[in-house]
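The values are calculated or read from the model by the stated rules, or taken from the named source; none is laboratory data. Source: prediction; values computed, not measured. Because the Cβ atoms are built from the backbone with ideal geometry, glycine has one as well, and the counts that use them run over all protein chains shown. The accessibility values were calculated without ligands, DNA or RNA, using every heavy atom of the protein model including side chains. Shrake-Rupley method; radii C 1.70, N 1.55, O 1.52, S 1.80 Å.
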Amino acid sequence: MPRCIPEPYKIKVVEPLRMTTREHRQSCIEAAGYNTFLLDSKDVFIDLLTDSGTGAMSDVQWAGMMRGDEAYAGSRNFYNLCDAVRDVLGYDMMVPTHQGRGAEHLFFQNFLRKGDIVPMNMYFTTTRQHAELAGGIFKDIIVDEAHDPASRFEWKGNVDLGKLQALIDEYGLERVRMISMAPDVNMAGGQPFSLSNAKEVHAFCRKLGIKIYMDITRIAENAFFIKEREQEYAEWSIKEIIREICAQSDGCWMSAKKDGLVNIGGFLAFFKHEDEMFQKCRSMVVVYEGLHTYGGMAGRDMEALAVGLREVCNNDYLAARVGQLRLLHGMLDEAGVPLVHPCGGHGVFVDARAFLDHLDQDEFPAQMLAAQIYVESGVRSMERGNVSAGRDPETGENRHPRLELVRLTVPRRVYTQTHMEFTAEGIIELYKRRESIPGLRFTYEPETLRFFQARFEPITG
Ligand SMILES: *Cc1c(COP(=O)(O)O)cnc(C)c1O
């Protein structure tokens with residue numbers, strides 16, 4: 001397979017980037033308490049903090065922005081979005097929200113009863129937080145391979161039905177009323193589930209009356225891996241695969257800021273038989289988000305999303321996106337940098353525990369590595385490890401996830417191959433002098449979603 005796959009688009013508008021000096025970056029990271037979330041974007045050269053809302057829109061999407069119908073009620077863009085959701089995903093009913101967590105909030109508040117078990121294929125930060133705020137208890141049912149960065153297993157996003165059965169045995173079906181399954185599992189390194197796994201999970205849950213709600217935030221990237229790796233679906237279009245994935249669920253939520261190819265937006269969607277949940281969410285959306293025909297989005301945002309949902313089904317685009325990630329992954333791997341394997345669908349994940357193996361996990365190796373990558377080359381990445389995992393609500397202890405990662409998340413349609421090469425060079429330089437990098441300790445620790453606003457200082461002497 002060729003190492004690089006050309007993007008099926010060209011650049012029409014450019015946005016200048018500013019390179020800074022190492023001294024400047026050192027003072028910036030100190031002022032930010034060694035938290036890359038607290039850096040100002042003007043001080044960042046290549047921004048790989050997140051793929052959330054950071055993508056570039058197409059000319060067709062920008063044209064859609066001019067067609068915004070900013071009516072308070074019944075905007076035509078709402079109906080265009082309903083059509084796109086029905087056509088691309090297959091769901092019958094949709095509730096728009098301002099972004100993914102708005103949808104999660106409505107969903108969990110309306111579905112969960114206090115003490116319900118919420119099994120998911122690994123946690124996601126905002127999803128787990130909203131489940132817990134609604135009285136739920138998160139349980140991980142992802143396959144063991146997902147927790148091992150070095151495992152080359154191709155379906156690290158799969159659900160382990162044995163783990164789900166064990167939860168049912170322990171808590172009973174009265175408390176295991178739903179599971180959530182996410183494609184291209186973010187916290188596992190952008191790892192996909194197979195369609196055959198989704199179908200098995202579906203059959204299992206149907207038999208027992210357990211609902212499946214998917215977090216379809218990165219569904220197109222997962223569909224690409226299914227087309228590439230699952231023989232049976234090699235000839236299917238991306239859209240056909242996406243619809244087949246959704247058909248294994250009862251409903252979904254989506255942060256449209258990822259595979260929706262837009263800068264803001266989200267929604268809940270359901271099949272017809274979920275009318276009760278749909279009605280509940282639709283009546284609550286007006287309290288927290290906005291009227292049920294805009295849910296916190298402007299009309300123009302809904303139009304851009306309607307176009308984005310269709311655009312993301314392009315297999316050439318997905319091949320170029322994953323090809324770009326594989327290029328970065330390959331360069332780092334060749335230089336011996338420890339990574340999550342195989343390469344994921346939205347970023348390259350560095351195994352910070354192995355990179356800084358002289359540090360204890362409570363010295364936050366991934367947090368420090370992200371800070372050092374920034375100082376080295378102006379590339380902003382994000383910690384996905386001990387800080388992101390937070391504390392166990394019962395014991396108050398750090399959760400110590402097995403994965404202690406730095407996420408280099410590549411925005412969609414934004415950076416070039418040279419940006420990837422530059423990023424790799426900086427990290428490889430850092431790897432050569434890794435022993436000299438100290439750990440961190442908290443100087444400020446917020447109570448919820450602490451990774452966003454926490455502050456640290458280096459442990460010296
Ligand atoms: C980003 C994300 C969310 C939350 O969505 P926001 O739009 O950031 O509020 C939920 N689930 C997953 C898997 C995500 O990646």
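Summary of computed values
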read-out: Student exercise, the range 59-311 dipole from Lys, Arg, Asp, Glu Cβ charges, in Debye to nearest 20; value: 500 debye
read-out: Rounded to the nearest 10 Å², the accessible area of ASP92 at probe 1.4 Å; value: 50 Å²
read-out: Electrostatic dipole magnitude of the chain [Cβ: Lys, Arg +1; Asp, Glu -1; Cα centre; debye, to 20]; value: 660 debye
read-out: The chain - percent of accessible surface contributed by carbon and sulfur, probe 1.4 Å; value: 51 percent
read-out: Prolate/oblate/rounded call for the range 59-311, Cα gyration tensor, a/c under 1.5 rounded; value: oblate
read-out: Gain in span if fully extended, SER436 to TYR288, counting 0.36 nm per residue against the direct Cα distance; value: 48.4 nm
read-out: Mean accessible surface per residue for the range 59-311, computed with a 1.4 Å probe while every protein chain stays in place, in Å²; value: 36 Å²
read-out: DSSP beta bridges in the chain [antiparallel fraction, %, rounded to 5]; value: 65 percent
read-out: Dmax and Rg, reported as Rg then Dmax, of the chain (C-alpha, Å); value: 21.3, 63
read-out: Efficiency of FRET from Cβ geometry, GLU394 and GLN26, R₀ 45 Å, rounded to 0.05; value: 0.70
read-out: Computed E for TYR9/GLU170 - FRET, C-beta separation, R0 45 angstrom, nearest 0.05; value: 0.35
read-out: Rounded FRET efficiency, nearest 0.05, which uses the C-beta distance separating GLU228 from VAL414 and R0 of 22 Å; value: 0.45
read-out: Point-to-point label distance, VAL60-GLU421, nm (Cα→Cβ direction, 7 Å offset); value: 3.2 nm
read-out: Dipole-positive endmost among LEU449, TYR72, VAL14 within the chain (Cβ charges, Cα centre); value: TYR72
read-out: Distance cut-off 25 Å, percentage of C-alpha pairs in the range 14-137 lying past it; value: 54 percent
read-out: Qualifying chymotrypsin sites (Phe, Trp or Tyr not before Pro) in the range 1-98, DSSP loop, other Cβ atoms within 10 Å at most 11; value: TYR72
read-out: Label-to-label distance, nm, for residues given as ASP275 and ALA73 (7 Å Cα→Cβ offset); value: 2.2 nm
read-out: Å² per residue, accessible surface of the range 345-461 at 1.4 Å; value: 39 Å²
read-out: In Å, descending, principal axis extents of the Cα set of the range 137-227; value: 35, 24, 20
read-out: Solvent-accessible ranking of THR20, THR460, largest area first, probe 1.4 Å; value: THR460, THR20
read-out: Segment ASP87-SER151, extension gain: residue separation times 0.36 nm, minus the distance between their alpha carbons; value: 19.4 nm
read-out: Order of exposure, largest accessible area first, which applies to SER151, SER436 with probe 1.4 Å; value: SER436, SER151
read-out: Dipole axis of the range 357-426 (+1 Lys, Arg; -1 Asp, Glu on Cβ), positive-most option in HIS358, GLY378, ASN398; value: GLY378
read-out: Translational diffusion of the range 273-427, µm² s⁻¹ [Kirkwood Rh, Cα pairs; Stokes-Einstein; 25 °C; 0.890 mPa s]; value: 132 µm²/s
read-out: Low-density loop positions, trypsin sites (Lys or Arg not before Pro), the range 74-179 - DSSP coil, at most 10 other Cβ in 10 Å; value: LYS114, ARG152
read-out: Cβ charges +1 (Lys, Arg) and -1 (Asp, Glu), total dipole of the range 393-461, debye; value: 220 debye
read-out: Loop-exposed GluC sites (Glu not before Pro) per DSSP, neighbour cap 12 Cβ within 10 angstrom, longest uninterrupted part of the chain; value: 236-393
